[in-house]
Amino acid sequence: MPTHTLLLCFPFLLLLCFLLYWAGARYSYLRRPAAESGDATAFDWHFFVPCRDEETVVGTTVARLRADFPRAHVWVIDDDSDDATGAIVEEAAAEDARVHLVRRRRPDARKGKGAALNAAYDELNLYLSDIAGPPRDRVVVCVVDADGRLDPRALDRVSGPSGLGDPEIGGVQVSVRMRNVEERQPLPGRG
């Protein structure tokens, strides 16, 4: 009988442990100090946007990144899309020298996001070698999803003393919040 009681109590014990963990994490999150802003102009910003079949969102994402961060470069990696993703970005790149298209074709394409990002990093290295650009320790690469949207203050925030403003820090991650969680079908008629 004691074994049977222990088995019945075990799920409740697990639930209690999870709730304690969640409450502790939430308490820590809410008590963290606000990040002090820094000077985003001290860095050379490059957004990497890996894409595969993102024609419905990539144009808006590129336009928003360029409008919100006019000094930044946007590198869209078209990972052998079957739709018009590459053509949309190619058109944007023809009008704006800070928009770059990195085309990947099979058999080298479609090997994962890491491979796509590495291809963009190689292109960025070539680009920086060809221009008399900033020192490499001032170049920052940001990865943004094709349907992502950054707060316009994000670069100032991550440039602060608790972020990239500290020379000992080599990387920063920002919080993510989903915008369309309440929408049953975010793109009506398109999925």
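The values are calculated or read from the model by the stated rules, or taken from the named source; none is laboratory data. Since the structure is predicted, the reported quantities are computational estimates derived from the model, not experimental observations. Neighbour counts are summed over all protein chains in view; Cβ atoms, including those assigned to glycine, are modelled from backbone coordinates with ideal geometry. In case anyone asks, the SASA skips ligands and DNA or RNA and just uses the protein heavy atoms, side chains included. Shrake-Rupley method; radii C 1.70, N 1.55, O 1.52, S 1.80 Å.
Collect the residues in segment 1-46 that are within 30 Å of P134 (Cα to Cα), assigned to a helix (DSSP H, G or I) and of a type in the set (G, A, S), keeping them in residue-number order. Let's see the steps before the verdict.
Initial filter on segment 1-46 (within 30 Å of P134 (Cα to Cα)): 34-46.
Those left that are additionally assigned to a helix (DSSP H, G or I): 40-42.
If the condition is that a residue be within 30 Å of P134 (Cα to Cα), assigned to a helix (DSSP H, G or I) and of a type in the set (G, A, S), then A40, A42 are the ones that fit.
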>> Tally up the residues in segment 91-109 that are more than 21 Å from W45 (Cα to Cα) and assigned to a strand (DSSP E or B), please.
In response: 1
> Identify, please: which residue in segment 128-138 is loosely packed, with under 15 Cβ neighbours inside 10 Å and not basic (K, R) and is, among those, farthest from A97 (Cα to Cα)?
Replying inline: D137
> Among (1) farther than 18 Å from H46 by Cα; (2) modelled with pLDDT of 90 or more, which single condition is V141 missing?
Replying inline: (1)
>> Residue under question is R71, and the condition is that it be assigned to a loop (DSSP other than H, G, I, E, B), touching a residue at least 24 places away in the same chain (Cβ under 8 Å) and either crowded, with 18+ Cβ neighbours inside 10 Å or over 15 Å from the mean Cα position of the chain (by Cα) (or both); does it hold?
In response: yes
>> For segment 113-156, which positions are part of a loop (DSSP other than H, G, I, E, B) and aliphatic (A, V, I, L, M)?
In response: I131, A132, V144, A146, L150
> Can you name every residue in segment 123-137 that is at pLDDT below 85 and either in contact with a strand residue (DSSP E or B) (Cβ under 9 Å, 6 or more places away or on another chain) or within 21 Å of I169 (Cα to Cα) (or both)?
Replying inline: G133, P134, P135, R136, D137
>> Taking the conditions exactly as written (open to solvent by less than 40 Å² (accessible area, probe 1.4 Å) and free of Cβ contacts under 8 Å to residues at least 40 places away in the same chain), does L155 satisfy them or not?
In response: no
> Residues in segment 76-88: is at least one within 18 Å of R149 (Cβ to Cβ) and small (G, A, S)?
Replying inline: no
> Quick one: R64 ticks every box in (1) touching an Asp or Glu at 6+ places or on another chain (Cβ under 6 Å); (2) within 20 Å of V102 (Cα to Cα) bar one, so which box is it?
Replying inline: (1)
> Could you list, in sequence order, the residues of segment 43-59 that are open to solvent by 10 Å² or more (accessible area, probe 1.4 Å) and either at pLDDT below 90 or touching a Ser or Thr at 6+ places or on another chain (Cβ under 8 Å) (or both)?
Replying inline: F43, R52, D53, E54, E55, T56, V57
>> Within segment 32-42, does at least one residue satisfy the condition of being buried (at least 19 other Cβ atoms within 10 Å of the Cβ) and either of a type in the set (D, E, K, R) or closer than 18 Å to E123 by Cα (or both)?
In response: no
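Filtering segment 83-107 down to residues that are charged (D, E, K, R) and without any contact (Cβ under 8 Å) to a residue 24 or more places away in the chain, which residue is most open to solvent (accessible area, probe 1.4 Å)? Give the steps one after another, and end with the answer.
We begin by selecting, within segment 83-107, every residue charged (D, E, K, R); these are 83, 90-91, 95-96, 98, 103-106.
Keeping just the survivors that are without any contact (Cβ under 8 Å) to a residue 24 or more places away in the chain gives 90-91, 95.
On the way: E90: 97, E91: 120, E95: 150 Å².
Once the filter is applied, the top-ranked residue is E95.
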>> Checking the condition touching a residue at least 60 places away in the same chain (Cβ under 8 Å), open to solvent by less than 80 Å² (accessible area, probe 1.4 Å), under 12 Å from F48 (Cα atoms) and out of contact with any His (no Cβ under 9 Å at 6 or more places or on another chain), which residue from L150, L117 passes?
In response: L117
